[in-house]
Structures are given as C-alpha cells and as structure tokens.
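This report refers to the structure that appears directly beneath it.
Rule-based calculations on the coordinates, nothing more; no lab input. On a predicted model such as this, the values are computed, not experimentally measured, just so you know. Neighbour counts run over all protein chains shown; Cβ positions are idealised from the backbone, glycine included.
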There are 2 protein chains.
Amino acid sequence: MDDEIPMKPASTLAQLEEDPELWARAVANGHLLAASRLMRYLDDRIPVAINVMKALFHQTGKAHIIGVTGSPGTGKSTLVDQLVAEARKREKTVGVVAVDPSSPFTEGAILGDRIRMKRHNVDPGVFIRSLATRGQLGGLSRSTHDIVDVMDAMGKDLVIVETVGVGQDEMDIVKLAHTNIIVQVPGMGDDVQAIKAGILEVGDIFVVNKSDLVGADRAVQDLEMMIHFKDQSSSDYTPPVIKAEANTGTGIGDLMDCVERHGQFIRGRNGAMIEKSRLRTRFQEILRQSLFEQTQDRLKKTNLGKNLMEKVENRLIDPYSAAEEVLSAKLY
Amino acid sequence: MDDEIPMKPASTLAQLEEDPELWARAVANGHLLAASRLMRYLDDRIPVAINVMKALFHQTGKAHIIGVTGSPGTGKSTLVDQLVAEARKREKTVGVVAVDPSSPFTEGAILGDRIRMKRHNVDPGVFIRSLATRGQLGGLSRSTHDIVDVMDAMGKDLVIVETVGVGQDEMDIVKLAHTNIIVQVPGMGDDVQAIKAGILEVGDIFVVNKSDLVGADRAVQDLEMMIHFKDQSSSDYTPPVIKAEANTGTGIGDLMDCVERHGQFIRGRNGAMIEKSRLRTRFQEILRQSLFEQTQDRLKKTNLGKNLMEKVENRLIDPYSAAEEVLSAKLY
C-alpha cells in the first residue's frame with residue numbers, strides 16, 4: 001500500500017464524509033478511525049456509508065472468511081480467541097465479527113466476548129467488532145456482511161465470524177463463509193444431536209471442544225459416522241473432526257492447519273462458483289432491505305402508511321390486505 | 001360452532017380451493033384437512049392461501065400465545081410436551097408450533113420433536129406442526145406467525161411456539177407471543193449467562209429445568225437477582241422463577257398456574273396495547289416479504305434482474321449499485 005494518505009485523523013474524518021472515494025481509500029489503507037466510523041455509519045444506516053461500500057467493492061473478495069458456529073456453552077469465543085493468536089503466529093492479519101444475541105428492547109450488546117478478547121486489542125494486526133442485533137427485521141445478516149466486507153477491504157487475511165448459528169439469520173451468515181467450523185461439546189443431550197443433523201450439511205470442519213470431558217471420543221465417533229453417511233455420495237473433501245481444549249490451546253494448531261487446507265481446497269476446485277453464489281446472496285439481501293427502506297421512506301411522505309397501520313391496529317383491515325394496498329399504491 | 005359444514009373431505013378440498021371464504025369457515029370449524037392444507041399452501045407461498053388468511057383474520061386474536069424459548073439441551077421439547085398434557089387436563093385445546101433448525105441446503109426438518117410428541121397425535125384437542133426453515137431469507141418468522149394465526153382461528157385456547165430463541169428471527173417470534181417462558185438449566189457456563197442477560201428483557205416466566213442437577217438453587221437465585229435488578233424501576237408484574245423436571249412432570253402444574261396468571265395480567269392491564277404492537281409487527285413483516293416477492297416477480301418478466309445478477313457475479317458492478325438500479329427501474 002504505497003499510496004498511503006498522510007493525514008491527521010481529526011481533520012480528515014470531516015473530509016472523508018465529503019468524499020466517499022477518499023474514505024474508501026483510507027479504509028483500504030488500514031486507517032482504523034476511518035474503518036470504525038464506516039462500520040458505525042453502516043449500523044446507523046447513514047446514506048454516505050453506502051457510497052463508501054460501493055467504492056470499496058473492488059477491494060473485497062480477497063479475505064478467507066471463516067464461520068465459527070456453536071451453541072451457547074461450547075466455548076466458541078475462547079476458541080476464536082485462540083485461533084486469532086494462532087493466525088498471528090503464522091503472520092496473518094485477522095478481523096473478528098462477534099454476532100451477539102441481544103435484547104430487541106434494550107438494544108444492548110453483551111460485552112463478554114469483547115472483554116475476553118482484549119489481549120488482542122493492542123495488536124494492530126487484529127480488528128474486532130461486536131455486532132448487536134438492532135431489533136430491525138432481517139437486519140442482522142446484512143449488517144454482518146457489511147462488516148465482513150469492510151474488514152476484507154482493510155486487507156485482513158482472515159475474517160472470523162462467530163455466531164450461535166441456529167436461527168435463519170445465522171444460517172444466512174453461515175452461507176457467506178468460505179470455511180465453516182462447527183463447535184460441539186461432549187454429551188449435551190439429544191437436542192444437540194438434532195442440531196447436529198441440521199448443521200452437518202454446512203460444516204467444513206468439526207471441533208469437539210472441551211475434549212477433556214467424558215464422552216469426547218464418543219462425540220468424535222458420532223460425528224465421523226454422520227459425515228461418513230452423508231459423504232458416501234461423492235465429493236473430494238471429507239470434513240475432519242478435531243478434538244480441542246480451547247482453554248489450554250490444545251488442538252488449535254491442528255485446527256488452523258485444517259482451515260488452511262480447506263481454504264486451498266475451495267480455491268482450487270470450485271472457488272469461482274462459491275464466490276458467485278456469495279455475491280448472488282449478498283445482492284438479494286441488499287435488494288430486500290433496500291426495497292423495504294425505500295417504501296418506508298415513501299410511505300412517510302403520505303398518510304397512507306399511518307392510516308393503514310391504524311386500521312390494522314384496530315382490526316379494521318387484515319395485515320395481508322393492508323400490505324397489498326401499499327403494493328398497489330402508486331408511491332413512485 | 002353451529003354452522004358446521006357437512007362434507008366429505010375428498011370432494012371438499014377441491015371445492016375449497018375455489019372459495020377462500022368457504023375454506024376459512026372450514027378451518028374455523030376445526031376441519032383438520034382444511035387447516036393442514038392451508039398451512040402447506042402457506043409454506044409453499046401459493047396465492048390462494050393468502051386469500052384464506054384474509055378471510056380468517058376476524059377469527060384471530062383469541063388464543064393465548066405462549067413462547068417457549070431455550071438453548072439446545074435445556075429439555076424444552078419435553079417441557080412443551082408436559083405443558084400440553086397439563087393444558088388438556090384443564091380442558092383447554094392446544095396448538096403447538098415447533099420451529100426446527102434445519103439445513104438451508106437439504107431443506108429437511110428434524111423429526112425429533114414430532115416423534116416425542118406423538119402421544120398427543122390421537123387427541124383431537126391438540127394440533128402440532130413442525131416448521132422447517134425453508135432457506136428463504138427472513139421467511140421463518142413470517143411462516144411461524146401464519147401458522148399461529150391459523151391455529152388461533154381454529155379456536156385453540158393456547159398456541160405454544162417452541163424455539164431456540166437466539167437469532168434475530170427467533171427474537172421476532174418472541175415479540176409476537178403474549179407470554180414468554182425462558183427455559184434454563186443449571187450450570188451451563190458463562191455463555192449462558194450472556195444469553196440470560198439478553199433474554200431477561202423478554203422473559204415473563206423463567207424455568208430452571210432439570211432441577212435435580214447440581215446448581216439448580218444457585219441458578220434460581222441468579223435469575224431472581226437479575227430480575228430484581230431489572231425490576232427496580234416500576235412494573236406491577238415480577239416474572240416468577242420456577243424449578244421443574246420436565247422428565248417427571250415436577251413443577252408443570254406450577255408453571256401452568258403462572259402462565260394463566262400472566263395471561264390474566266396482560267389482558268387486564270395493557271392487553272390492548274400489546275395486541276396493537278403485535279399487529280403492527282405482523283403488518284411490517286408481511287409488507288417486507290410482499291415487496292420482495294413482487295419485485296422478484298416483476299424482475300422475472302424483464303432481463304434486468306438476470307443481467308444485473310450476472311454483472312454482480314462477475315464483479316462488474318457492486319451489489320449496492322445493482323440494488324439501486326432495480327429500485328430506480330420503472331418495473332411498475
């Protein structure tokens with residue numbers, strides 16, 4: 001990056017808002033303040049941020065995006081923390097997006113992950129962002145992908161997305177990762193088995209964490225058997241199952257080896273196809289959100305939205321018919 | 001229901017498709033085949049189903065909608081099963097919607113819950129439906145609410161929605177319930193504590209299940225303390241914390257008492273406000289989905305969608321700009 005812009009942050013941030021191209025270049029050059037502000041503006045849906053994203057687009061598509069998915073209690077935050085340390089040992093830069101469950105009413109995020117990872121805070125090769133779900137319908141997945149794109153454009157070699165991975169939104173996040181790590185722990189009962197069956201299809205690497213607990217070998221065997229049954233069909237890639245103890249760092253080197261191997265596999269084989277599918281999903285998601293926002297903006301300029309809402313609230317019209325009235329209104 | 005329609009199911013189902021009003025009446029009269037087919041058509045987004053929903057709307061708004069939310073491994077399915085049995089003892093009819101995590105690729109649902117609940121299958125006072133997430137963006141929450149409305153219109157006294165409750169979509173489901181039961185188990189580590197903090201705001205009743213396990217009393221105390229801190233502000237209602245063992249049925253009577261008490265509380269106090277908020281959310285959700293579907297239909301009739309998709313896939317245009325092109329195209 002030899003075209004780095006010398007600037008004092010204070011004067012520049014105001015400048016950036018005038019010039020999306022300049023802002024995009026600052027992000028691509030790794031200016032932390034420029035990147036942080038962009039993320040905040042994206043969260044707050046401030047229009048200029050979209051123009052920066054457009055200008056940044058040609059800088060994206062280089063990072064290896066890794067999903068780390070596991071139920072509460074599987075220790076996946078600690079695992080991510082160890083993965084970051086391992087990646088840094090291997091001289092890779094890392095971005096982390098922690099998708100926190102949070103209340104739709106308080107709109108507050110949980111601080112746990114951020115506190116746990118603070119040992120990386122002083123490392124300029126690591127950028128961590130916690131994402132609260134802001135209570136907006138369907139917004140989680142889109143926001144997450146925005147943040148991933150920004151980190152990608154910043155030049156991070158790896159971008160790790162940590163999620164609980166059971167809802168539809170999380171499944172959409174999972175779809176956008178190149179390599180999905182599924183974290184399990186021994187003996188969590190049959191509900192977990194059910195999750196396992198659903199998530200088997202999306203896992204590229206499986207980790208049995210807390211492998212010092214009773215039942216770890218059994219959990220590994222169960223997973224390997226399920227993968228074997230699923231895999232009989234074809235495929236040149238068989239997902240590995242790794243035992244780990246994130247607390248002590250056991251198994252983390254193995255895990256990172258597997259991540260790198262899977263990265264090579266998809267790049268070699270069907271990398272172009274996967275990349276196209278990712279972009280397609282991203283386009284649909286952005287379109288969906290934009291349509292809703294555009295219509296809401298237009299509704300605000302008329303009384304139609306307010307009137308319909310009141311009618312629905314008072315059961316004078318059903319919500320399906322009300323939606324149809326909006327669709328057929330010439331708001332355009 | 002004295003205007004019940006005498007009919008042979010085989011001949012009638014064809015008739016129903018011609019006449020949404022007749023279909024709606026059949027559902028309201030409790031015809032199982034009519035209700036099942038409606039749910040399937042809603043899943044498959046077949047247009048006539050929307051007309052039936054419109055006709056059914058004035059039959060909804062009577063059921064007590066109960067959310068049961070808990071992480072995998074908390075035994076919430078067993079708890080729901082016991083709640084159904086208890087409700088039947090109290091001569092209430094029940095609908096159950098089990099929201100299953102499922103693969104976005106196989107589109108298959110997990111059968112576990114259905115098998116577990118099969119003892120209720122022969123009881124005409126119980127209607128159970130498992131919901132797979134069909135891989136469509138943002139569709140889970142909307143489908144769930146459709147099914148809840150159908151069960152409500154069928155005249156079920158209680159409609160229980162079981163969900164893992166950590167994703168955004170599940171949070172939207174939670175918002176639509178009158179009474180939210182949050183299920184926890186003793187000693188699942190600090191990740192669970194984090195979830196707890198997020199979910200505290202939405203819980204009306206807390207259950208510490210598997211209360212024979214070590215740490216149950218501690219878990220109850222922790223929850224009560226958190227509720228106390230949150231509650232200092234105001235409110236006439238303090239969420240109770242109940243110990244239960246769903247496997248043996250211990251605590252289920254208590255739990256149902258609390259459900260009924262909360263039902264009376266919200267009906268008495270701010271029932272109208274809650275109902276308005278539910279309808280508002282429902283309207284927005286339907287509008288959001290309808291806008292996307294309408295635009296997709298219209299895009300199919302032109303080459304614009306296909307062309308833009310190809311450009312995005314080949315990185316010739318960024319997805320934000322592509323979405324803007326759709327928005328500004330005069331498809332209308």
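Some points to look at:
- Across identical copies of the chain, B:ARG90 has label-point separations of 5.6 nm, listed in ascending order, with the point defined 7 angstrom from Cα along Cα→Cβ.
- In terms of other Cβ atoms within 10 Å, A:ARG288, B:ARG129 run from fewest to most in the order B:ARG129, A:ARG288.
- Hz values of 3J(HN,Hα) by residue in the stretch B:29-40 - Karplus curve (6.51, -1.76, 1.60), Gly and Pro given as x: 7, x, 5, 5, 5, 5, 5, 4, 5, 4, 4, 5
- Pairs with C-alpha atoms separated by more than 19 Å, drawn from the list A:LYS62/A:LYS156; B:LYS62/B:LYS276; A:LYS311/B:LYS276; A:LYS92/A:LYS276; B:LYS175/B:LYS210, are A:LYS92/A:LYS276; B:LYS175/B:LYS210.
- Cα gyration tensor shape for the stretch B:199-292, rounded if a/c is under 1.5, else prolate or oblate: prolate
- Phi to ³J(HN,Hα) by Karplus 6.51 cos²θ - 1.76 cosθ + 1.60 over the stretch A:319-328, Hz, x for Gly, Pro: x, 5, 5, 4, 4, 5, 4, 5, 4, 8
- Among residues other than A:MET151 with Cβ under 12 Å from its Cβ, the summed charge is -1 (Lys and Arg +1, Asp and Glu -1).
- Label 7 Å beyond Cα on the Cβ vector: B:LYS301 copy-to-copy distances, nm: 2.4
- For A:308-319, mean number of other protein chain Cβ atoms within 10 Å: 6
- Positive-end residue of B:GLY271, B:CYS258, B:THR238, charge dipole of the stretch B:221-332 with Cβ unit charges: B:GLY271
- Under 5 Å, built H, 5+ apart or other chain: amide partners of A:GLY67: A:VAL161, A:HIS178, A:THR179, A:ASN180, A:ILE181
- By other beta-carbon atoms within 10 Å, ranking B:PHE265, B:PHE229 with the fewest at the front produces B:PHE229, B:PHE265.
- Taking B:SER321, A:SER328, B:SER71, B:SER277 and counting other C-beta atoms within 10 Å, the order from fewest to most: A:SER328, B:SER277, B:SER321, B:SER71
- Each copy carries a label point for B:TYR237 at 7 Å from Cα toward Cβ; from one copy, the others' points are 4.8 nm away, ordered from shortest.
- With R₀ set to 41 Å, the beta-carbon distance separating B:VAL214 from A:ARG88 gives a calculated FRET efficiency near 0.60.
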